[in-house]
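Here's the structure, in structure tokens; my notes come after.
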Amino acid sequence: MALRRRLLALLEPHEWGLLLAIVIVVGVTTVVDQHHTYLYDPGRSLHDICRQASMLGIFALGSALVIITGGIDLSAGSVIAFSGTICGSIMLLLAPEAMESGEPLGTPVIVAAIGGTTLVGFFIGTLHAWLITEVGLPPFVATLASLVGLRSLGRAMTEYLAHSTQIQIFDTQFRDLTKSVALQGVLFILLAAAMWILLSRTVVGRHLYALGGNEEAARLSGIRTNRLKWLAYSIAAMLSSLAGILYIGDQGVVDPQTLGRAYELNAIAAAVVGGCSLQGGVGTILGTVLGCLFLRLVIDGVAKMIHSGADVYEGLIVGILVVLAVAFNELRRARDTRKQFFSGALGIAAGTVLVLFGGIVAALLAGTQGGATPRSMFTGLAVAVVVLLAIVVVHRYERRPKHGG
Amino acid sequence: MAIDPIISVAHVTKRYPGVVALDDVSLTIARGELHAIVGENGAGKSTLMKILAGIIPHYEGQVSIAGHVVHFDGTRDAEQAGIGIVHQELNLVEELSAAANIYLGRELHRWGFLDQTHMLDAAGELLRQLECDIDPNQPVATLRVGDQQLVEIAKALSLDAAILILDEPTSALTEFEVARLDRVIARLRAQGVTMLYISHKMDEVFRLAERITVLRDGQLVRTMDRNEMSPREVTHLMVGREIEETTFNESRPRGDTVLKVDRLSLAWPGHARGWRLRDISFQLHRGEILGIAGLMGAGRTELLECLFGASLVPPQGRVTLDGQAVRFSHPAEAMAAGIALVCEDRKRLGLFAEMSVAENITLCALADATVAGFLRPGREVRLAEESVSRLGVKTSGIDVSITSLSGGNQQKAIIARWLLTGPKVLLLDDPTRGVDVGAKAELYALMDRLCRQGLGIIVTSSELPELLTLCDRILVLSEGQQTAEFTREEATEERIMEAATQVAG
């Protein structure tokens, strides 16, 4: 059975769990979806999922890296918007007539735009690292500043250069390149592989984990913690820049007002669901990749099952998944202590909130096709009662007499 | 047996996944006695105390206090039953003041508002009784470890407990503070407080305790009166084997000068004294162990940090390593030059709790395990296994979490980490703190071995007997200044204490 143990050891328990969860989600969606899209049109589904997961994944890798080093990067979405703006701006500056008329920009311009944008990503990451290591700002504050500042800067730039709130991208060469799901997928896989090699197979990677696990001990072990932070934040920002380039090509327009809004939260969610601990020092690339996949599959699954636009419920799903994933992890760690969820005043109050929450969400989901019908309200009520019963059962189970002490 | 038992422990067992921390332990503690619990790390002493203090609520067996069976759901229950505990691993909130920590969870209030004046006064009084002169309003994070431990003790004293558990209370105290604590204990004894005293130190145990219980591997080996056995025999019971008295004065050949420190000074901006260290000058030779003695705040740790490039304020003065003048601005530079530092507080500054034993050991020497820039797991495993066997680290495997090791073995693992960097000079800051007798002896032997191999070692310690055993020379610091230097022959505990308490001009 040594082979079995070796195979089992390939993935961490958390990763196996995610893999299983992914299989389950795909299965449930296939069955519950009225059109059975996964069965009858797998190509299209694969195409969509691949695009969504890859686009998210590219900058989620950066978020995971920063989280593993014990920091946090709240700016991903804004860096995406700002980078898109820079890319469009460079194109505008180098080939204003072509941008206006819709003629091809030419490869040199495209290369310059991509290169310049990536360089700007490096600058942003450098600024983050400087604020954090030299000025001494907490990562939360430094990247929060970017979150709010960069988008605004992007909008100002667009106004200044394009005299409008948007920059249109017509160039087919650029658009075909960035729209291609194959490119997005391959890029994601390559970047994930590179990050995996960095984190698991190099000295720098080990030092990054050490930094996240215990920064002071890492410094006292001769690790250049400031330089490592520079590396982590730069990579994160550059990956977000890359995502920005892909997004503007994919959408055909630079709109710094809306591009990438709240994307950073999805990236952080993917990392956390994938096993990264916000304390630092814990997390894997494979976990993050699976986390991205899982997140997008659930969102897609729910959209197919309730026939509404995927984005409406996206936030709700991500929020619930993050809570479940981290709670599950915590429970696994504290296996021995008998945790009581619904004890005391706080437990009862929280239980009430969960009942209301469950009822409301159920009513909404039931009413996606017909709106606020009596049927949907009844469904909501029924679910609320079920949740209440479940909580009472759990509460009773928790309070059963323990043996011994 | 004991008349009037105040604590009765009956067949208590505590299991964790993979290990039985306590195995069917039964004992009784008499009212008003000072009962010592001794045993190696991992013997179960802390587990038993945590059960009594309500920190571990689930276990098998029964505990009775003053004849009534009790089930503590938390520390509050234990406190209400009259049990207070002084932890070995400090349980303080660093951001809060000493007074706030002392009254944590039991804040004095008036109509719901915090009664700061009363708390500060009462805290100040408690600290004065412990003869600790810190400002009770000072944030605990700014205090040195020894002072923090005194705050912890003050916290337990503020409970006015009938039963006081002291878990290695003197591990970070200097001889001076230990004497003070003895006075406090004597006062408590006169008041009839029952005390459970966990300690590795035989001299303390035999000085203070009326009865001694020996635990080994989770089981109770024996409970006896103090005068039934000698310290040596008790140590034997703890360890289950003979521990030879270690002596190293057999000619350890002294090599040439490896480190020369010339008027090293470290400024202390904003402080009345102005300097953490002033004009420290000494030499370290290969094959020599140099000890640094001194009270808390004397600057021992700061001196080692300066030599390692770890101090946040750059020091002044000249440091020469093997004839070359050096100035380190980061530990990485010191490491590259051949200096290694094993810190005082291994939990906070030495261990990477999320990493395995192997990862902790190889961290500073990963370059030796890489081929063309990539880590080779096989090489890493070999490095770790070699270190583990070379230093005798007791572990169930190199892939287990470092936190599953006992204090002594964790210390060995950290020393192994630094030995892999091939240092010329090894700096050890209180390396045997929280380490049991058996492991301590092994560490002493290790240091002797390393010296004979040509290393120069600087070691600080608050245990004078330890310094006298280990060191060829002892430097004494007092309030940042060098007050004496003794050779092994010249050094005595009285002379060192005298120099350590000298208020330099």
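Computed log10 I(q)/I(0) for the stretch A:344-398 at 0.17, 0.19, 0.27, 0.28 Å⁻¹: -0.53, -0.62, -0.93, -0.97, from the Debye equation with unit scatterers placed on every C-alpha and solvent omitted.
Shielding value for B:357-370 is 3, the average number of Cβ atoms from other chains within 10 Å of each residue's Cβ. Calculated mean residue ellipticity, 222 nm, chain B: -9500 deg cm²/dmol, from DSSP H runs (n ≥ 4) at -39500 (n - 2.57) each, averaged per residue and rounded to 500. Taking 19 Å as the straight-line reach from the Cα of residue B:201, the lysines in range (excluding those fewer than 8 positions away in the same chain) are B:45, B:440.
With distances taken between every two different alpha-carbon atoms, the stretch B:281-423 has a Kirkwood hydrodynamic radius of 16.6 Å.
Close amide H partners of residue B:421, meaning residues 5 or more places away or on another chain with modelled amide H under 5 Å apart, do not exist here. By the beta-carbon count within 10 Å of each Cβ, the least crowded to most crowded order of B:177, B:33, B:493, fewest first, is B:493, B:33, B:177.
Measure nothing fancy, just the Cα-based angle from helix B:145-157's long axis to the longest principal axis of chain B, in degrees from 0 to 90, nearest 10. Computed tilt is about 0 degrees. Taking one quarter of the surface of the C-alpha convex hull of the stretch B:71-142 gives a mean projected area of 6.0 nm².
Across chain B, the convex hull enclosing all Cα atoms gives 165 Å³ per residue. Mean separation of Cα pairs under 8 Å and 6 or more residues apart, divided by the residue count, gives chain B a relative contact order of 15 percent. Near the amide H of residue B:317, within less than 5 Å, lie the amide hydrogens of B:265, all on another chain or at least 5 residues away, with H placed in the peptide plane. Loop exposure criterion: trypsin sites (Lys or Arg not before Pro), DSSP state outside H, G, I, E and B, at most 13 other Cβ atoms within 10 Å. Applied to chain B, the longest stretch between such sites is B:328-505. Which links in A:339/B:155; A:339/B:347; B:50/B:412; A:229/B:155 stretch past 32 Å when you go from one Cα to the other? Long pairs (Cα-Cα over 32 Å): A:229/B:155.
Summarising the strand pairing of chain B, around 60 percent of its internal DSSP beta bridges are antiparallel.
Suppose the Debye formula is applied to equal point scatterers at every Cα of the stretch B:122-201; what is log10 I(q)/I(0) at q = 0.14, 0.23 Å⁻¹? Those come out to -0.43, -1.21, one per q. Across all directions, the average projected area of the convex hull around the alpha carbons of the protein assembly as shown is 45.2 nm². For chain A, the calculated P(r), taken from all Cα-Cα distances in 10 Å bins from zero up to the bin holding the longest distance, is 5, 19, 27, 25, 17, 6, 1, 0, 0 percent. Distant-in-sequence amide contacts of residue B:61, defined by a placed amide H-H separation under 5 Å and a gap of 5 or more residues or a different chain, comprise A:405, B:13. Loop-located GluC sites (Glu not before Pro) in the stretch B:317-417 (DSSP state not H, G, I, E or B) with no more than 10 neighbouring Cβ atoms inside 10 Å do not occur. Subtracting the Cα-Cα distance of residue B:118 and residue B:401 from 0.36 nm times their residue separation leaves 97.4 nm of extension gain.
Among the trypsin sites (Lys or Arg not before Pro) within the stretch A:353-405, which fall in a DSSP loop and have no more than 11 other Cβ atoms within 10 Å of their own Cβ? When the trypsin sites (Lys or Arg not before Pro) of the stretch A:353-405 are filtered for loop state and at most 11 Cβ neighbours within 10 Å, A:399, A:402 remain.
Helices in chain A, meaning DSSP H runs of at least 4 residues, each add -39500 (n - 2.57). Divided by all residues, the mean residue ellipticity at 222 nm is -26000 deg cm²/dmol. Looking at the stretch B:430-489, the GluC sites (Glu not before Pro) that sit in a DSSP loop and have at most 11 other Cβ atoms within 10 Å of their own Cβ are B:489.
Every number here is computed from the coordinates shown, using simple stated rules; none is lab data. No experiment lies behind these values; they were computed from the predicted model shown. When we count neighbours, we look across all protein chains shown, and the Cβ atoms used for this are built from the backbone with ideal geometry, even at glycine.
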